[in-house]
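Visitor: After the structure tokens below, expect a handful of questions from me.
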Amino acid sequence: MEKQKYRTESDLLGQREVPAEAYYGVQTSRAIENFHISGHLLCDYSNFIRGMAITKKAAAMANIEVGMITPEQGEAIMWACDQLIEGKYHDQFPIDMIQGGAGTSTNMAANEVIANLALERMGHQKGEYQYCSPNDVVNASQSTNDAYPCAIHMALALEHLAFMPHLEQIIAALDYKSKEFAFADSLRGEYKNLRATADEFLIVNMGATAIGTGICSKPGYSEACIKALRKITGWNITLADNLIEATSATTCMIAYSAAMKRLAIKTNKICNDLRLLSSGPRCGLNEIHLPERQPGSSIMPGKVNPVIPEVMNQVCYRVIGNDMTISLASDNGQLELNVMEPVIAYTLFESIHLLENGYDTLRRFCIDGIRANEERCRQLVEHSIGIVTMLNPIIGYKTSTKIAKEASETGRGVYELVLEHKLLTKKQLDEILKPENMLQPVDLTANK
């Protein structure tokens, strides 16, 4: 077996051996060693890497325009960024999503990978940073404090666009089923709210550099970078009004998380209703029948659980809990910086992915196959004491109360008692108690 080869790189803390074939460098290597936290690595979050690449490409375009880097360096950096945007070399980001340092490890991983790809494009060897430095060239006019948040915004905008079709599909499935039951409007309002909050991802602080002052950048860089971001993405990206405030603010992520929580709460309610309405068959409501997906007990024969709504409930609980994590992390931004942004990004990505997979599962394995148990529903309506409410406008509240009390004490139905006491004819009663009359305002006085 051939012995692995290494190259030597150095940083503030000294020299370190880096695998010769790796496109990442010394600072990424330190992050690999330091952060064994979530087990979820940046290389598994393709849109986050794309967000970094979009940000770095825009910075390169702006830096060429203001004369911070040479056209040769800029062209090579843009080519490297395009490789990442296309999904290549993502395995070169094997660092934990949760990390200290306000995202510096992620930013430097992008700088190092892009620099080494650019070096090879320019005809040099990996690590020959005198020709294209991760810090001086790829990170020119930037700080982690503007590049990293911008990358998160770009990544979340991509995640949002990928998520919305899954939400649209579950709404469409509920719409289709609306003849039997209705929940679609409950999610449709949250769809609109989510779209509105996602628009805030397009406000970025590029050019803020370290704390919002623009130190180490040239005049015109911010404007050039925004122009480049718009060109790359086709989105209406704008520069934050106050770069110092925007550098520590995580407002858009708070808002999007809150919108996800609202969506999760509505979805959780729907799943709880589905479980309740399908409960039984003998001792529950049994108004609807959910598709049977698997046996429900290791000891009770014949038992089938509502496993799909149950798993979606758990997804919703996680999303609701994630919102608390984001709230706490956002609250702990201090002065001109929020070092907790890595956990905010990680948690938001998780919420999006959980709901995305959850909605597909709920739609395919539950909603599409639900059917109403019509005979059972009819039986429940006919034997309900509550239907006496429909008679209030006709026979009055006091008489209706007497009928309801007698039905409760004797176990007999309201329908038969009204006929027995000759309060209404069968024809009148059948017309009043039509199911459709219970769904909307109806003038029943004509039946007196």
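Visitor: Please enumerate the residues belonging to segment 289-316 that are among the hydrophobic types (A, V, I, L, M, F, W, C) and surrounded by fewer than 21 Cβ atoms within 10 Å (Cβ to Cβ). Outline the logic, then answer.
Guide: Restricting attention to segment 289-316, the residues satisfying the condition of being among the hydrophobic types (A, V, I, L, M, F, W, C) are 290, 299-300, 304, 307-308, 311-312, 315-316.
Correct list: I299, M300, V304, V307, V311.
Visitor: Looking at L167, L174, which is the one that is crowded, with 18+ Cβ neighbours inside 10 Å and farther than 21 Å from E350 by Cα? Give the steps one after another, and end with the answer.
Guide: On the way: L167 fails: farther than 21 Å from E350 by Cα.
Every option except L174 fails the conditions.
Visitor: Ok, one more. Which of the residues belonging to segment 193-233 are of a type in the set (A, V, I, L, M, F, W, C), in a helix (DSSP H, G or I) and either without any contact (Cβ under 8 Å) to a residue 12 or more places away in the chain or within 25 Å of L161 (Cβ to Cβ) (or both)?
Guide: Restricting attention to segment 193-233, the residues satisfying the condition of being of a type in the set (A, V, I, L, M, F, W, C) are 194, 196, 198, 201-204, 206, 208, 210-211, 215-216, 224-226, 228-229, 232.
Now restrict to residues that are in a helix (DSSP H, G or I): 194, 196, 198, 201-202, 224-226, 228-229, 232.
Hits for segment 193-233 are L194, A196, A198, F201, L202, C225, I226, A228, L229, I232.
Visitor: Could you please tell me which pairs satisfy a Cβ distance under 7 Å, a separation of 6+ or placement on different chains, a first residue in segment 421-433 that is free of Cβ contacts under 8 Å to residues at least 60 places away in the same chain, and a second residue that is in a loop (DSSP other than H, G, I, E, B) and not β-branched (V, I, T)?
Guide: Hits for this filter: I432/L444.
Visitor: Filtering segment 39-59 down to residues that are among the hydrophobic types (A, V, I, L, M, F, W, C) and open to solvent by 30 Å² or more (accessible area, probe 1.4 Å), which residue is farthest from V138 (Cα to Cα)?
Guide: Taking segment 39-59 as the starting set, the residues that turn out to be among the hydrophobic types (A, V, I, L, M, F, W, C) are 41-43, 48-49, 52-54, 58-59.
Checking which are open to solvent by 30 Å² or more (accessible area, probe 1.4 Å) leaves us with 41, 43.
On the way: L41: 23, C43: 20 Å.
So the residue we want is L41.
Visitor: From the set of residues in segment 423-448 that are modelled with pLDDT of 80 or more and more than 49 Å from the chain's Cα centre (by Cα), which is nearest to K398 (Cα to Cα)?
Guide: Among them, the one singled out is L423.
Residue-by-condition table, conditions (1) modelled with pLDDT under 85; (2) outside any loop (DSSP other than H, G, I, E, B); (3) within 28 Å of the chain's Cα centre (by Cα):
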| site | (1), (2), (3) |
| --- | --- |
| I270 | no, yes, yes |
| R275 | no, yes, yes |
| G280 | no, no, no |
| N286 | no, no, no |
| R293 | no, no, yes |
| S297 | yes, no, no |
| M300 | yes, no, no |
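Visitor: Follow-up. Name the pairs whose Cβ atoms lie under 9 Å apart, with the first residue in segment 310-326 and free of Cβ contacts under 8 Å to residues at least 40 places away in the same chain and at positive phi, the second open to solvent by less than 70 Å² (accessible area, probe 1.4 Å) and assigned to a helix (DSSP H, G or I), and 6 or more positions between them or separate chains?
Guide: Sorted first by the residue in segment 310-326, then by its partner, the list stays empty.
Visitor: Which one of the conditions (1) assigned to a helix (DSSP H, G or I); (2) open to solvent by 50 Å² or more (accessible area, probe 1.4 Å); (3) among the acidic types (D, E) does E128 fail to meet, given that it meets all the rest?
Guide: If we test E128 against (1) assigned to a helix (DSSP H, G or I); (2) open to solvent by 50 Å² or more (accessible area, probe 1.4 Å); (3) among the acidic types (D, E), just (1) comes out false.
Visitor: Still on this structure, please answer the following. Only one residue in T238, T247, T251, T213 is hydroxyl-bearing (S, T, Y) and crowded, with 20+ Cβ neighbours inside 10 Å, so which one is that? Don't jump to the end; show me each part of the working.
Guide: Details: T238 fails: crowded, with 20+ Cβ neighbours inside 10 Å; T251 fails: crowded, with 20+ Cβ neighbours inside 10 Å; T213 fails: crowded, with 20+ Cβ neighbours inside 10 Å.
The conditions single out T247.
Visitor: Scan segment 402-414 and give yes if some residue there is open to solvent by 90 Å² or more (accessible area, probe 1.4 Å) and hydroxyl-bearing (S, T, Y), otherwise no.
Guide: no
Visitor: Filtering segment 83-94 down to residues that are more than 19 Å from H153 (Cβ to Cβ) and out of contact with any Cys (no Cβ under 8 Å at 6 or more places or on another chain), which residue is most open to solvent (accessible area, probe 1.4 Å)? First the steps, then the outcome.
Guide: So the first thing to find is which residues in segment 83-94 are more than 19 Å from H153 (Cβ to Cβ), and the list is 83, 86-92, 94.
Then keep just the ones that are out of contact with any Cys (no Cβ under 8 Å at 6 or more places or on another chain); that gives 83, 86-89.
Numbers: Q83: 20, E86: 116, G87: 34, K88: 93, Y89: 74 Å².
Residue satisfying both the conditions and the ranking: E86.
The values are calculated or read from the model by the stated rules, or taken from the named source; none is laboratory data. It should be emphasised that the depicted structure is a prediction, and the values quoted were computed from it without experimental measurement. Counting neighbours? That spans all protein chains shown, and the Cβs are built from the backbone with ideal geometry, glycine included. Please note that ligands, DNA and RNA were not included when accessible areas were found on the heavy atoms of the full protein model with its side chains. Shrake-Rupley method; radii C 1.70, N 1.55, O 1.52, S 1.80 Å.
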